[in-house]
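Novice: Pasting a structure below so you can have a look.
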Amino acid sequence: MNRGKGGWYFGVCLSIFLISACCYSEKNFVKNPDFEENAEGWFTYEQQVGDKTYQSTLSISDFEAYTGKFSLQVQTPGVRVLQGPGTNVAVDPEHGYIISVMAKGNGKVMLCANGEGGWVRGAHTELSPDKWKELKIRRFEKGHSFTMYIVTYTEGQKVTFYIDNVKVIKEELPEYPPVEILPIRYESEDYAGNSEIVEDVNANGGKYVEGSRQWDNKLVSNLPFPKTSKQVYIYLKVWVKGDNNSYISIVQEKMGRQELYTAIPPVFEQWVWLKTGPFTAREIGEGGVVISSGGTNITVKLDTIVISTQDNLTDIELDGKK
Ligand SMILES: [Ca+2]
Ligand SMILES: [Ca+2]
């Protein structure tokens, strides 16, 4: 080879740089993502009906493939909703992950994942027998592993579909500085989700939001979250008519829906400040904060939100009277 020493050295360095750059950001945490040899590590979401267990059948298909020559063929028994394959994924804790899979065939399915901190549920997707579709969700994982599933959804379906090219990649976020956040005040009515805005002269800013759905009750959405590496608290001025089944949640909905925090209101039928958190910017991600509520016979009013790294704000400070 007619290459100078310097060129050889440069080439080796460049290769090492490219390999490390490529593999740091693109490391796939899924053990068997392409099914090119077998279905090892994959199992089915079991459904118990009475004393019988109905399981989907998993096999390797050389009929359909998104990558290489093979994919995983899934045949669901159609007895119940939520049938399909899953796998355990070992990850680094306290990090956000982008989870994706290519799917083709028949049926309406959902990509979802469960670990420490509960479920993330993705959109309901009608599969096509003619083209591959990508299913994608974002998950913040507190622990060292989670389980992901691709399951039939909204109703039981006896269908055949194929999955391939499964990926779990770390979400890259900027490193934020450890800045202190003095209390920031937001009025709920400026970030109202799918709930009603009510005028009230006694409310801060003359308005509050009110919701009474049993679920998917977005009081506030797209609320900005501060860019700090420190832990942050979200204080809510709420009024709740309901019972002990009522709840208020802090949610992220960038891709799929993940409840990061859920609390039962401490007092009913009077305005109170509720402290939630702590949260980190890495946990919330870049999609903004959603404040959600639900429960039977519930009405929740949300007037003001205060966000701060301070964990000991008093009612007087939160009301802005000091
Ligand atoms: Ca494949
Ligand atoms: Ca208000």
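Each reported figure results from applying straightforward, stated rules to the coordinates on display, with no laboratory input. Keep in mind that what you see is a predicted model, and the values were worked out from it rather than measured. Quick reminder, even Gly has a Cβ in these numbers, built from the backbone with ideal geometry, and neighbours come from all protein chains shown.
Novice: Taking the number of other C-beta atoms within 10 Å as the exposure measure, put V251, V101, V81 in order starting with the fewest. Mind dumping the intermediate values first?
Specialist: Values: V251 20, V101 26, V81 15.
If I rank by nearby Cβ atoms, fewest first, I get V81, V251, V101.
Novice: Take the cross-link list K104/K142; K104/K158; K52/K133 and give me the ones stretching past 25 Å between alpha-carbons.
Specialist: Details: K104/K142 31 Å; K104/K158 15 Å; K52/K133 33 Å.
The pairs that break the limit, which is 25 Å between Cα atoms, are K104/K142; K52/K133.
Novice: Using R₀ = 41 Å, calculate the FRET efficiency as 1/(1 + (r/R₀)^6) where r is the Cβ-Cβ separation of K227 and T296; round to 0.05.
Specialist: Working: r = 38 Å, r/R0 = 0.93.
Calculated transfer efficiency: 0.60.
Novice: Going by C-beta contacts inside 10 Å, put S128, S61 in order with the fewest on the left. Could you put the intermediate results ahead of the total?
Specialist: Numbers: S128 13, S61 18.
With the sparsest Cβ surroundings first, the list reads S128, S61.
Novice: When the helix-only estimate is applied to the chain (DSSP H runs of n ≥ 4, each -39,500 (n - 2.57), divided by the residue count), what is the mean residue ellipticity at 222 nm, nearest 500 deg cm²/dmol?
Specialist: Details: 3 runs with 29 residues, N = 322.
Computed mean residue ellipticity for the chain: -2500 deg cm²/dmol.
Novice: Taking the number of other C-beta atoms within 10 Å as the exposure measure, put E94, E172 in order starting with the fewest.
Specialist: Values: E94 14, E172 9.
Ranked by crowding around the Cβ, least crowded first: E172, E94.
Novice: List nothing, just return the count: lysine pairs in the range 184-318, 8 or more apart or interchain, with Cα separation under 15 Å. Walk me through the numbers before you get to the answer.
Specialist: Details: K207/K237; K207/K301; K218/K254; K218/K301; K237/K275; K237/K301; K241/K301.
Eligible lysine pairs with Cα atoms under 15 Å apart amount to 7.
Novice: If R0 is 30 Å, what FRET efficiency do you get for N245 and V179 from their C-beta distance, rounded to 0.05? Mind showing how you got there, number by number?
Specialist: Values: r = 39 Å, r/R0 = 1.29.
For N245 and V179, the calculated efficiency is 0.20.
Novice: Let me ask another. Once R0 is set to 45 Å, what does the formula 1/(1 + (r/R0)^6) return for the Cβ-Cβ distance between I169 and V201, expressed as a FRET efficiency to the nearest 0.05?
Specialist: For R0 = 45 Å, the calculated efficiency reads 0.35.
Novice: Would you please report the Å³ per residue occupied by the convex hull of the alpha carbon atoms in the range 168-322? Could the numbers behind the result be given before it?
Specialist: Working: hull volume 16.6 nm³, N = 155.
Expressed per residue, the convex hull around the Cα atoms of the range 168-322 is 107 Å³.
Novice: Per 0.36 nm of contour for each residue apart, how much would the distance between N106 and K142 grow if the chain were fully extended, relative to their Cα-Cα spacing? Could you put the intermediate results ahead of the total?
Specialist: Working: separation 36, 0.36 × 36 = 12.96 nm, distance 3.40 nm.
Stretched out fully, the N106 to K142 stretch lengthens by 9.6 nm.
Novice: Please identify every one of the trypsin sites (Lys or Arg not before Pro) in the range 85-185 that sits in a loop by DSSP and has no more than 12 other beta carbons within 10 Å of its own beta carbon. Please list the in-between numbers first.
Specialist: Values: sites: K104, K108, R121, K131, K133, K136, R138, R139, K142, K158, K167, K170, R185; in loops: K131, K142, K158.
Counting only loop positions with at most 12 other Cβ atoms within 10 Å, the trypsin sites (Lys or Arg not before Pro) in the range 85-185 are K131.
Novice: Highest mean first, what order results for 63-71, 264-272 on Cβ atoms within 10 Å?
Specialist: Numbers: 63-71: 16.8, 264-272: 13.7.
The most tightly packed comes first, giving 63-71, 264-272.
Novice: Also: Can you pull the Rg over Rh of the chain, Cα-only, Kirkwood? It would help to have the intermediate numbers written out before the result.
Specialist: Numbers: Rg = 23.8 Å, Rh = 22.3 Å.
Ratio value, two decimals: 1.07.
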